[in-house]
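One structure below.
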Amino acid sequence: PQLGQQFSAKVVNALMRSLNWSSSAYVQVWDEHGGYFDHVAPPAAPVPDKIAPIRAPGAPAAAFDQYGVRVPLLVVSPWSRAGYVSHVVHDHTSILKTIEIRFGLPALTHRDALAAPLTEFFDFSHPTYATPPKLPAATVSAKGAAQCAALYKDKTLGICLAVRSPASGRAASP
């Protein structure tokens, strides 16, 4: 979690410092790798299209008509509503739906045609964050980074690479 927090902070800080900040919207979704239990049952989902899924021999039938566990969503923009928490069911195609609305594009599938757009996250009448806020420092435990690097050794995941010293290949202090 600490490395993900650090990565997210780097991306968001870069966006907020860029010349594009005033007209940008950054949407981040991620899998927390712990979604085996969720106290909220996933709802039914619209079938994406009339094309049957390609299945391997012996694989169970699937119509992609059921959502899975909830996935966190982060929306960063000068136009983001401060402290807003949505209670609307969104899926990954909600991002696509928002782009389609913004640029006047037709839906690609039945699912994104029915998706709830992310427009509720924004207040386009007033840029809440015209001046970007200062984010708190994202801290990373050197011990945790070293454990990550040791666990993956030569098969180091990209997230571990972010804290490895390029010269030695060893875990670096944050």
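Values of log10 I(q)/I(0) for the range 34-96 across q = 0.16 Å⁻¹ run -0.75, by the Debye formula with one identical scatterer at each alpha carbon and no solvent. Defining a contact as two alpha carbons under 8 Å apart and six or more residues distant in sequence, what relative contact order in percent does the range 1-79 show? Reported as a whole number, the value is 44 percent. Within the range 1-62, the chymotrypsin sites (Phe, Trp or Tyr not before Pro) that combine a DSSP coil assignment with at most 13 other C-beta atoms in a 10 angstrom radius are Trp30, Tyr36, Phe37.
If you add up the charges near Asp112, with Lys and Arg at +1 and Asp and Glu at -1, over every other residue whose beta carbon is less than 12 angstrom from its beta carbon, what do you get? Residues close to Asp112 contribute a combined charge of -1.
Each of Ile99, Ile54 has its accessible area taken with a 1.4 Å probe; listed largest first, they run Ile54, Ile99. Probing with 1.4 Å while keeping every protein chain in the model, the per residue accessible area of the range 22-119 equals 71 Å². Along its principal axes, the range 77-154 has C-alpha extents of 48, 34, 24 angstrom, given from the largest down. Annotation note: GluC sites (Glu not before Pro) in the range 27-120 located in DSSP loop regions with a Cβ neighbour count of at most 15 within 10 Å are Glu32. Semi-axes of the equivalent ellipsoid for the range 1-109, computed as √(5λ) from the eigenvalues of its C-alpha gyration tensor and ordered from largest down, come to 30, 20, 14 Å.
Qualifying trypsin sites (Lys or Arg not before Pro) in the range 55-148, where qualification requires a DSSP coil assignment and no more than 11 other C-beta atoms within 10 Å, comprise Arg55, Lys134. In the range 76-121, the C-alpha radius of gyration followed by the widest Cα-Cα span (Dmax) gives 11.1, 32 angstrom.
The values are calculated or read from the model by the stated rules, or taken from the named source; none is laboratory data. Keep in mind that this is a model prediction, so the values were computed, not measured. All Cβ positions, glycine included, derive from the backbone under ideal geometry; neighbour counts span all protein chains shown. Accessible surface areas use protein heavy atoms only, side chains included; no ligands, DNA or RNA. Shrake-Rupley method; radii C 1.70, N 1.55, O 1.52, S 1.80 Å.
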